[in-house]
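The block underneath contains the structure these notes are about, expressed in structure tokens.
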Amino acid sequence: QVRLVESGGGLVQAGGSLRLSCAVSGSIFSFYRMGWYCQPPGKQLDLVAVITGGGITNYADSVNGRFTTSRDNAKNTVYLQRNSLNAEDTAVYYCVGDRNTGRYWGQGTQVTVSS
């Protein structure tokens, strides 16, 4: 069974940094694209960043250069490095992976930014 497991969430002060990890059970090469979504409290789910199997990345305009996604194929892990965090970044962050068989979601990890 395919599983995506996020980690690295928690409480951070405004202006701080945090790195989220998404561990893929099995081979990360089975996913042609992986990405990150966030859902702030009371708001819709929004795309944050994507990374293809070839390492090409795209980001939402709202990220404004503060986030970087990367992947370590040897560790079957995708990362989301987030810098200059502010209160608006408080959200549940989800890892997603796209395979030929469909889209898979992690369980989410809570990030809370205190001002």
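The values are calculated or read from the model by the stated rules, or taken from the named source; none is laboratory data. Fair warning: this is a prediction, and the values are worked out from it, not measured in the lab. Neighbour counts run over all protein chains shown; Cβ positions are idealised from the backbone, glycine included. To get the accessible areas, we keep the full protein, side chains included, count just its heavy atoms, and leave off ligands, DNA and RNA. Shrake-Rupley method; radii C 1.70, N 1.55, O 1.52, S 1.80 Å.
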Over segment 72-115, relative contact order from alpha-carbon pairs under 8 Å, at least 6 apart, %: 39 percent
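Using a 1.4 Å probe over the heavy atoms of the protein chains, calculate the carbon and sulfur portion of the accessible area of the chain as a whole percent. Present the calculation step by step, with values, prior to reporting the outcome.
Details: 2860 of 6050 Å².
Accessible surface attributable to carbon and sulfur in the chain totals 47 percent.
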Selection from GLY102, TYR59, TYR37, by position along the positive dipole direction of the chain (Cβ): GLY102
Mean separation of Cα contacts under 8 Å (6+ apart) over length of segment 1-46, as relative contact order %: 32 percent
Dimensions in Å of the chain - Rg and Dmax from alpha carbons: 13.4, 42
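Can you check how the C-alpha radius of gyration of segment 36-93 compares to 2.2 N^0.38 Å, as a plain ratio?
Values: Rg = 11.9 Å, N = 58, 2.2 N^0.38 = 10.3 Å.
Expressed relative to 2.2 N^0.38 Å, the Cα Rg reads 1.16.
Taking only C-alpha pairs under 8 Å that are 6+ residues apart, what is the relative contact order of the chain in percent? Please list the in-between numbers first.
Numbers: 287 pairs, mean separation 42.7, N = 115.
Taking the mean separation of contacting Cα pairs over the length of the chain, I get 37 percent.
Could you state the accessible area per residue of segment 1-77 in Å², with a 1.4 Å probe and every protein chain left in place?
Working: 4350 Å² over 77 residues.
Roughly 57 Å² per residue, with all protein chains present.
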Dipole moment magnitude, nearest 20 debye, segment 1-101 about Cα centre, only Lys, Arg, Asp, Glu C-beta charged: 240 debye
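Peptides 105-114, 15-24, 37-46: what's the order by average Cβ count within 10 Å, highest mean first?
The densest-packed peptide leads the list: 15-24, 105-114, 37-46.
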Inverse mean reciprocal Cα-Cα distance (Kirkwood Rh) of segment 1-67, Å: 13.7 Å
For the chain, cysteines whose Cβ has no other cysteine Cβ within reach (under 4.7 Å): CYS38
